[in-house]
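Take a look at the structure set out below.
The values are calculated or read from the model by the stated rules, or taken from the named source; none is laboratory data. Since the model is a prediction, treat every value here as computed from it, not as a measurement. Neighbour counts run over all protein chains shown; Cβ positions are idealised from the backbone, glycine included.
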Amino acid sequence: MTLDARQIDSLLDDMTDRLRELLTSTGKTDPLIIGIHTGGYWIAKKIQQRLGLSVLLGELNIAFYRDDFSRIGMHPHVAPSQLPFNVEDRHIILVDDVLHSGRTIRAAMNEIFDFGRPASITLVVLIERTGHELPIKADIVGKSLGLKSDEHAKLLGPEPLALEIKKAE
């Protein structure tokens, strides 16, 4: 199973509309957008464009914040996070491509709090897999998938975006 660029664009349009409504109804004006490296950043950039926001886009690389770092090993191309703004008392839109265990989101929030204490964090994900290990729920979800334990969802991109679902290797 795959989702092609057209299907992902349709999900992004819907997600952006629902995010705009959520921001308006909660009075969260002038939010900052942070994407999790790499797929979350690709999605965040597209949402930022659709929202028409001119604020700088932040990128988190949470490799060193993972609680399973010793298990997944060192990634040779780990780059530092880029947050070209102050997060203190700001409304943050945190974007990732796939929400599965919740560990990546927990690590991302830990890193954000190292930069300051935001007023709020709104979580936006393209794909939400069932069976989270941690009690983390996205505010905006593009599509929920019930994948088998041996299946893996991976966002390919950045242009064009495609989502590939295959057996874990």
Flagged pairs (Cβ under 9 angstrom, 6 or more apart or on separate chains; first in the stretch 12-34, in a helix (DSSP H, G or I); second of a type in the set (D, E) and surrounded by 13 or more Cβ atoms within 10 Å (Cβ to Cβ)) are R18/D139; L19/D139; L22/D139
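State whether the residues of the stretch 139-156 include one that is assigned to a loop (DSSP other than H, G, I, E, B), at pLDDT 90 or above and of a type outside the set (D, E, K, R).
Checked against the condition, which is being assigned to a loop (DSSP other than H, G, I, E, B), at pLDDT 90 or above and of a type outside the set (D, E, K, R), the stretch 139-156 yields no hits at all.
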Meets criteria (at pLDDT 95 or above, of a type in the set (G, A, S) and more than 30 Å from H152 (Cβ to Cβ)) for G27: yes
All-but-one check, D114 against (1) out of contact with any Gly (no Cβ under 8 Å at 6 or more places or on another chain); (2) in a loop (DSSP other than H, G, I, E, B); (3) among the acidic types (D, E), failing number (2)
Checking T104, T122, T130 in turn, the sole residue that is hydroxyl-bearing (S, T, Y), modelled with pLDDT under 95, surrounded by 19 or more Cβ atoms within 10 Å (Cβ to Cβ) and out of contact with any Pro (no Cβ under 7 Å at 6 or more places or on another chain) turns out to be T104
- Can we say S101 is free of Cβ contacts under 8 Å to residues at least 24 places away in the same chain, assigned to a loop (DSSP other than H, G, I, E, B) and farther than 21 Å from T26 by Cβ? no
